[in-house]
Amino acid sequence: MDPAAIQLAPLLDRLVNYERSRPDQALWDLAAMQRLLARPGAAAPPRPAVQIGGSKGKGTAAAMLAMLANRAGLRAGVYTSPHVDTLLERLRIGDATITVARLEPILRDLLATTADRAPTFFEALTAAAVQWFADERVDLAIYEVGLGGRLDATTAIPVDASLLTTIELEHTDVLGDTIAAIATEKAAIVRPGGLGFTTATGEALAVVRAHARRVDARLLVHGVDFEARLLQDRGDALVGELALPRGDTLPFGLRGGALYELPALAMAAACLSTLSPALELDLRELPRPVQPCRFEVVSEADGATLILDGAHTERSIAAVATELQRRWPGQRPHVLFASASGKRWRESLSSILPIADRFLVTEVTGTSSEDAAAIVAHLRGLGVAAQRVDDVGAGLAALRAHAGLRLVVGSFYLVGAVRRLLARERSTHDERST
């Protein structure tokens, strides 16, 4: 259990958590968030501010933007979701997350606001992030969209730029069942008369461009107005140059980076250089931002390598598969997989099938889950070796029976649970060692 969630339970238990209940329609709007931001005594949202939306890669873009800002001497506040180990991860400034002692009075104040309905869990934490960033006088506030864009709580916050990552078919029961419909929901984060950056392509990009024209926003597109150009793959570092919207180029080096992270790096640099033209950006020896469960590489006690990644869409899992082949060519991983309900798990699995050796399938806890037996039956019907395991612990044990490359993927709930098991193992080992 998350100690912070336990301490804050008297407040949090009063809130509806749609991340866990997964409704099949949008039961929220911007009105509640607007009331929270306008409540008596509320601090004005800090500026400049950036909102980040899209289907996948939002967290990476936020981490890249914060890293570049911090390296340039700015204090960046970042609000992201979901969390892996503790809800405190969602609110951080620099390397420090918010404390329970600071978050509790902010939440208490928020929930004292009278309204037709109580804020949701996400709305309350979003408003808390705004208040904390304002109290701490951050130089840059970064807000990651939770779901969609048009009605997301972060869209009630005034921002100076909007970043849109790739757009895929996901959350189709809430956002629509076509790329165009989903792109329409997400494009709404590009504000009227505002500034937008995107790595979207194809049909999604066409929708985003049309929206930007309609609201008279300036839209800058990866591959057209800015771009990351890879010049050398050194294995331990990706080296190249970034073409920026202002016309110049900067050399970059990303240690330990994944190929699919380069567009996010380019978008972050393009955004920061546009918002703060006088800022000096040094991109030559960048460390890959540490992000739990986002291509997290773990060295196991037996010498094997375990990869933790919360990817759960077709394109994001395909990116994981490509990165596995780049780093460990010829190795076929054993895969521990699970899917939260309502996800396009068949399409997601199709992206990893060509390189995987065997699948272990379980169910996630903490939210509704797809039936593991049905997933196993689907895989076996395709001639793929697959078996159901009772729980995460059994899945990790079965995965470790394989001496080669190991991958946990398909759901942040699954990957987070495995990560917590690994942490408990390390803690037990350390206690025995002392």
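No value in this document is a laboratory result; all are computed from the given coordinates. Treat the numbers as computed from the prediction; the structure is a model and nothing was measured. Cβ: placed from backbone, ideal geometry, glycine included. Neighbour counts: every protein chain shown.
Using Cα pairs under 8 angstrom and six or more residues apart, how large is the relative contact order of region 3-287, in percent? Don't skip to the end; give the middle numbers.
On the way: 552 pairs, mean separation 58.7, N = 285.
That works out to 21 percent.
Using a Gaussian network for the chain with springs between C-alpha atoms less than 10 Å apart, which of these wobbles most: ARG191, ARG39, ARG424?
Comparing ARG191, ARG39, ARG424 in a Gaussian network model of the chain, the most mobile one is ARG424.
Please name which of ALA301, LEU353, SER339 has its Cα lying farthest along the dipole of region 293-371 towards the positive end, using unit charges on Cβ (Lys, Arg +1; Asp, Glu -1) and the Cα centre as origin.
So the residue furthest toward the plus end is LEU353.
Only Cα pairs under 8 Å and at least 6 apart count here; give the relative contact order of region 77-174 as a rounded whole percent. Please report the intermediate quantities before stating the final value.
Working: 82 pairs, mean separation 27.4, N = 98.
Normalised by residue count, the contact order of region 77-174 is 28 percent.
In nm, what is the difference between 0.36 nm times the number of residues separating ALA210 and ALA101 and their Cα-Cα distance?
Details: separation 109, 0.36 × 109 = 39.24 nm, distance 4.54 nm.
Length difference between fully extended and current span is 34.7 nm.
Counting only C-alpha contacts under 8 Å and six or more residues apart, can you give the relative contact order of region 296-433 as a whole percent? Working shown, then result.
Working: 241 pairs, mean separation 45.3, N = 138.
Averaging sequence separation for qualifying contacts and normalising by length gives 33 percent for region 296-433.
Using a basic spin-label model with each label point 7 Å from the Cα along Cα→Cβ, how many nm lie between ARG71 and ASP177?
So the label points at ARG71 and ASP177 sit 4.5 nm apart.
Return CYS271, CYS293 ranked ascending by Cβ neighbour count within 10 Å, so the fewest neighbours appear first. Mind showing how you got there, number by number?
Working: CYS271 30, CYS293 22.
Ordered by Cβ neighbours within 10 Å, fewest first: CYS293, CYS271.
Report the Cα centroid-to-centroid distance between region 156-233 and region 234-309 in angstrom, as an integer.
Taking the Cα centre of each part, region 156-233 and region 234-309 sit 21 Å apart.
Considering only VAL207, VAL190, VAL297, give the residue with the highest GNM mean-square fluctuation for the chain, with springs between Cα atoms whenever their separation is below 10 Å.
Sorting by GNM fluctuation, first place goes to VAL297.
Highest GNM mean-square fluctuation, the chain, Cα pairs closer than 10 Å: which of ALA156, ALA181, ALA204?
Most flexible of the set in this elastic network: ALA181.
Using a 10 Å cut-off around each Cβ, can you sort TYR260, TYR413 from fewest to most neighbouring Cβ atoms?
Numbers: TYR260 20, TYR413 23.
Ranked by crowding around the Cβ, least crowded first: TYR260, TYR413.
List, in order, the whole-Hz ³J(HN,Hα) value for each residue of region 272-285 obtained from phi through the Karplus relation with A = 6.51, B = -1.76, C = 1.60 and θ = phi - 60°; use x for Gly and Pro.
Couplings: 5, 5, 7, 6, 10, x, 7, 6, 8, 9, 10, 10, 6, 10 Hz.
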